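Only the coordinates and a few stated rules stand behind these numbers; no lab work does. Note that the structure is a prediction, hence the values are computed from the model and not measured. Counting neighbours? That spans all protein chains shown, and the Cβs are built from the backbone with ideal geometry, glycine included.
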Amino acid sequence: MMSRSKPLAAFLLPLFCITSFIACGKKSGELPALTGATREAVLTEPPMVPARVNEDGPQKVVVHLEVREVVKPLTNGATYTYWTFGGCVPGKFIRVTEGDEVEFHLSNPSSSKMPHSIDLHAVSGPGGGAEASFTAPGHTSVFSFRATTPGIYVYHCAAAPVPMHIANGMYGLIFVESRSNPLPPVDHEYYIMQSEIYTTGHYGDTGLQEFSFDKGLAEQPTYVVFNGSVGSTLGPTALKAKVGETVRLFVGDAGPNLASNFHIIGQIFDNVYEEGGTNVNHDVSTTEIPVGGATIVEFKIRAPGTYHIVDHAIFRAFNQGAVADIVATGPEDSTVYSHQQRYENYQ
Amino acid sequence: MSHASFARSVAVLLAAAWFPLYAGAQPAHPPVHTGRAPAGMVSIPGGYYRPFYITKGIDSVKIEPFFMDVRAVTNKEFLNFVTANPQWSRSRVPASLAERGYLRQWKSDFVIGGVALENAPVVNVSWFAAHAYAAWVHKRLPTIAEWEYAALAPLRWAATPSRRSGTIDGEAKRELILAWYARPNGPLAPAGTVNENAYGVRDLFGEVWEWTQDFNSVIIPADPRGEANPSSTCGAGAIGTIDPGDYATFMRFAMRNSLLAAYTVDNLGFRCVAEDRN
């Protein structure tokens, strides 16, 4: 029996392999089997980024994110009612690896006034999760998606009226890291998002500021900010690095209206992952980030001092708040940058 | 000035300071109809309501004259209902008719636990419970069309020492309502003290969301960027409404759209209406 069955097996086995290979290529080529392990995603508030997780293979990753409507400082003496993912603006950073299955739990506490939802641009499926996650106060929605495509993606609330939910702070970033080609190690990873705030009051008015529909529709913001408020990332909360270290910024633009002309004064980006895709550009000073888009920039700190992160549409930086800082410490190297060497009369 | 009228003036001033949008004194304008309405209700004259979400072939909905509760139903009133119908008490109501949070602001099944709470609008009531209450008082819940129609009336701005009374309509009214929707939940004011409108109806804005009879009847997607209504003539969600700039109304429809009939929510109450058969 054994000897007779062998030729049949020898014939069937390759056939089986070929058909299963074809089936794989057709149906689940992008969806490798999960390892069976499950982990709870570590989420971070800006400007921090969760550490990379070294997995054996694609896992089930459980994300618990709670919507919170909170009053927080907008600028000196002014507050705003922010609608947030996780209590911070931008919302908590989510990091998964290509192929992971994300089981998303969106909770809207009973203290909320509004229903909310989440559309993650990392989702391949209609609405990006918006319909599956539409949640009344006092309830939780659960849905799952496969992180099929590496990249850095914006997520945001998509409950009506969508522009107000985004303008009020309901956005964040999710990073799907490539499994086969992960980003190289760097000394620091930080998380920044640019957005506009539309208030009925003027820039600098004190007290609780209220949302202005008219200014939003006219695309004339009162404030343009990094990480939700004027001065969120200045002084004691500025980003930190040392001379000689490498820095990676995950940068998103939430809008709701204005694309960012993203620039760091006195820095040149060694690498720009354009629009968060696979195209890597080098030696870039200013890169544009579309509304609802994100990018990754990498650079090395070559001289100590304070570096201003700005939207180089410069009224936004000078008059509307779009400034964040990196404070770099370390030894001066006059061959890299001399500071002022002379100051002379010129006539 | 007599002592009594002086005291009344002081009371009015205090009320005006306390509830800046409604002084609690003489209405700025008399309600349109008052005579025929039952106690605690006002007459809403009939007319036509243009639905917010456009449906092909329906330009307006005829609204028959009806009576509407002046204010949201209070905890105290709802306790009367629960006492008379103990199957609607917290420990006895089935989960299929009310979620776990049902009346969770109360101390126990038949004890509210605080005078301020007694007079505040009842919240954490399911649609089933609100519906049962309305039937018990021989009324019913308003339809979306009736609620929105009554809510179209301008708000009254009561007199304060520094300004004359008047009405708030159009953009100003919209901004005022939007500002309330944009704030997190705070403690509830006593029912009947917030934002009186020209019909004499109070609390429609600035207090709690309210159940409607047909809250789940509008076929709008949970993702508002999609098609507003399968039978609508327009494609994208916002385009399928009569006014994509009316964010306050969007919010009410979004809230209704997020609910199921057994849901109980901290800031969701109700009021009743009755037919005007005259």
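What to note about this one:
- Positive-end residue of B:Pro142, B:Gly47, B:Val111, charge dipole of the stretch B:30-275 with Cβ unit charges: B:Val111
- Listed residues A:Val336, A:Val102, A:Val162, most fluctuating in chain A (Gaussian network, C-alpha, under 10 Å): A:Val336
- Comparing Cα centroids, the stretch A:75-120 and the stretch A:250-270 end up 22 angstrom apart.
- Beta bridges per DSSP, both residues in chain A: antiparallel share near 65 percent.
- Projected label distance in nm at A:His339 and A:Val280, using a 7 Å step from Cα toward the beta-carbon: 3.5
- Subtracting the Cα-Cα distance of A:Thr206 and A:Val70 from their residue separation scaled by 0.36 nm leaves 47.2 nm.
- Highest-first packing order for the peptide set A:125-134, B:85-94 is A:125-134, B:85-94, based on the mean count of other beta carbon atoms within 10 Å.
- In order along the stretch B:134-144, phi translates into HN-Hα couplings of 4, 5, 5, 9, 6, 10, 8, 7, x, 6, 4 Hz, rounded to whole numbers, per the Karplus curve 6.51 cos²θ - 1.76 cosθ + 1.60 with θ = phi - 60° and x for Gly and Pro.
- Per-residue extension of 0.36 nm, minus the Cα-Cα distance of A:Asn319 and A:Ala51, leaves a gain of 93.0 nm for this segment.
- Residues A:Asp187 and A:Ala37, FRET efficiency given R0 of 22 Å [Cβ-Cβ distance, rounded to 0.05]: 0.15
- Residues whose amide H comes within less than 5 Å of that of A:Asp119, counting only those at least five positions distant or on another chain, are A:His156, A:Cys157, A:Ala158 (H built at 1.01 Å from N in the peptide plane).
- Distance violations [Cα-Cα > 30 Å] among A:Lys215/A:Lys300; A:Lys60/A:Lys242; B:Lys56/B:Lys139; A:Lys72/B:Lys107; A:Lys113/B:Lys107; B:Lys62/B:Lys139: A:Lys215/A:Lys300; A:Lys60/A:Lys242; B:Lys56/B:Lys139; A:Lys72/B:Lys107
- Beta bridges by DSSP in the stretch A:188-329, antiparallel share as percent, to the nearest 5: 75
- Computed from label points 7 Å out along Cα-Cβ, the spacing between A:Glu245 and B:His138 is 7.7 nm.
- Rounded to the nearest Hz, the phi-derived 3J(HN,Hα) couplings of the stretch A:102-109 under the Karplus curve 6.51 cos²θ - 1.76 cosθ + 1.60 (θ = phi - 60°) are 9, 9, 9, 10, 9, 10, 10, x, where x marks glycine and proline.
- Under Karplus coefficients 6.51, -1.76 and 1.60, residue-wise ³J(HN,Hα) of the stretch A:119-131 in Hz, glycine/proline x: 10, 9, 5, 7, 8, 9, x, x, x, x, x, 4, 5
- The separation of the stretch B:161-194 from the stretch B:259-278, counted between C-alpha centres, amounts to 21 Å.
- Here the protein assembly as shown is assigned +1 on the Cβ of each Lys and Arg and -1 on the Cβ of each Asp and Glu. Its dipole about the Cα centre then comes out at about 1720 debye.
- Calculated FRET efficiency for the pair B:Arg164/A:Thr329, C-beta based, R₀ 51 Å, to 0.05: 0.20
- Our estimate of slack between B:Arg100 and B:Asp243, defined as 0.36 nm per intervening residue step minus the Cα-Cα distance, is 47.8 nm.
- Cα-based shape type of the stretch A:188-329, given that a ≥ b ≥ c are square roots of the gyration tensor eigenvalues and the cut on a/c is 1.5: oblate
- Within the stretch B:30-275, antiparallel bridges make up roughly 90 percent of the DSSP beta bridges whose residues both belong there.
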